[in-house]
Amino acid sequence: MPELPEVQAIADYVDGRAAGLPIRRVDVASLAVLKTADPPYTALTGRIVESVGRVGKYLVITTAATDPGDVDPRLHLIIHLSRAGWLRWSDNLSPAPPRPGGKGPIALRVHCGLPGEGFDVTEAGTQKRLAVWLVRDLDEVERIKTLGPDALALSRDELAALLGKTSARIKTVITDQRTISGIGNAYSDEILHTAKLSPFATAKGLSATQIDELYAVIHDVLEGAIGRLEGQEVARLKGEKRSGLRVHARTGLPCPVCGDTVREVSFTDRSFQYCPTCQTGGKVLADRRMSRLLK
């Protein structure tokens, strides 16, 4: 799943290519991804891409009207890539629209700039969770309206206050987008490993020193990932992300810090990884698929 660093990298990449360009046409291959109907997606045609940014793990493409009398001077195309979505920029897009309801991965195609320029929004796999909104105001999207503060905008004291409100496990807290936005499964594994915290540690039980370390590590891990991804082609971002991971998706491999074997905890349709020596005092955590997490 694209998380804060990847979404930021995609936003920067597309902003550098599309900002200032007119939108010539939008093709929708999967109506199911559209979560709004007013304004219709056809309202984007003829507008200018003003900027591309992000809110949490949401890609936000802000467009401006070219007609001063337009009732909607700003419209925002918001994309949540979810677990298997991606964005592909191309200078050679096919002029033929993708077939609606087809079996291919393309859900949405935006033609902007010169003929051939633009991007596809795609989704792999069978679990279709990609979501797209076209709105006049970001708060029209309930999921954005209820987001917690951005992981990189939190102060140390704000982080401490959030952690002090809950006895939930720290892994759960920092991946709950309503509490802190931007961190997902992969980077939470990296953050907790670097901070030497058990995924099952209680948020409220962290000491002041542990909170200091966690705060610093959140910035180090996320900003370090953003730095590695900066300037990369969108097509290379997934590989660059994997190359920088120390424990996530490395089950059975040696921990790069201590050499212990990286272990996994599986639950429902997800899993996370950790190092027993670095994070749990050598204790191997219970791993029972299809059950709740156990200490």
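Below 8 Å between Cα atoms, with a sequence gap of 6+, how large is the relative contact order for the range 1-103 in percent?
32
May I ask for the distance between the Cα centers of the range 36-115 and the range 190-226, given as a whole number of Å?
36
Compute the Cα gyration tensor for the range 49-174, then decide on rounded, prolate or oblate, letting a ≥ b ≥ c be the square roots of its eigenvalues: rounded whenever a/c is under 1.5, prolate when a/b is larger than b/c in the other cases, and oblate in all that remain.
oblate
For ALA216 and LYS145, FRET efficiency with R0 = 22 Å and r from the beta-carbon atoms, rounded to 0.05?
Efficiency at R0 = 22 Å is approximately 0.15.
Full-extension gain between THR261 and LEU21, please, as 0.36 nm times their residue separation minus the C-alpha to C-alpha distance.
Full extension of this stretch gives 81.4 nm more.
Under 19 Å Cα-Cα from LYS196, which lysines qualify once same-chain neighbours fewer than 8 residues away are excluded?
Once the sequence-local lysines are set aside, what remains near LYS196 is LYS171, LYS204, LYS283, LYS295.
Report GLU190's accessible area, 1.4 Å probe, all protein chains in place, as a number in Å² to the nearest 10.
About 10 Å², ignoring ligands and nucleic acids.
Using a 1.4 Å probe, how large is the accessible area of LEU59, given in Å² and rounded to the nearest 10?
Around 0 Å² of this residue is reachable by solvent.
Taking R0 as 22 Å, what FRET efficiency do you get between LYS204 and LEU253 from their Cβ-Cβ distance, rounded to the nearest 0.05?
Taking R0 as 22 Å, the efficiency between LYS204 and LEU253 is 0.10.
Quick one: helix 185-194 against the long Cα principal axis of the chain, what's the angle to the nearest 10°, folded into 0 to 90?
The angle comes out near 40 degrees.
For ARG270, what accessible area in Å² do you get when you roll a 1.4 Å probe over the heavy atoms of the protein chains, rounding to the nearest 10?
90
Can you tell me how much longer the chain between ARG242 and LYS103 gets when fully stretched, taken as 0.36 nm per residue apart minus their C-alpha distance, in nm with one decimal?
Residue separation times 0.36 nm, minus the Cα-Cα distance, leaves 47.3 nm.
The values are calculated or read from the model by the stated rules, or taken from the named source; none is laboratory data. Just so it is clear, the model here is predicted, and its values are computed rather than measured. Glycine also receives a Cβ, built like all others from the backbone with ideal geometry; neighbour counts cover every protein chain displayed. Areas reflect the complete protein model, heavy atoms only, side chains present, ligands, DNA and RNA absent. Shrake-Rupley method; radii C 1.70, N 1.55, O 1.52, S 1.80 Å.
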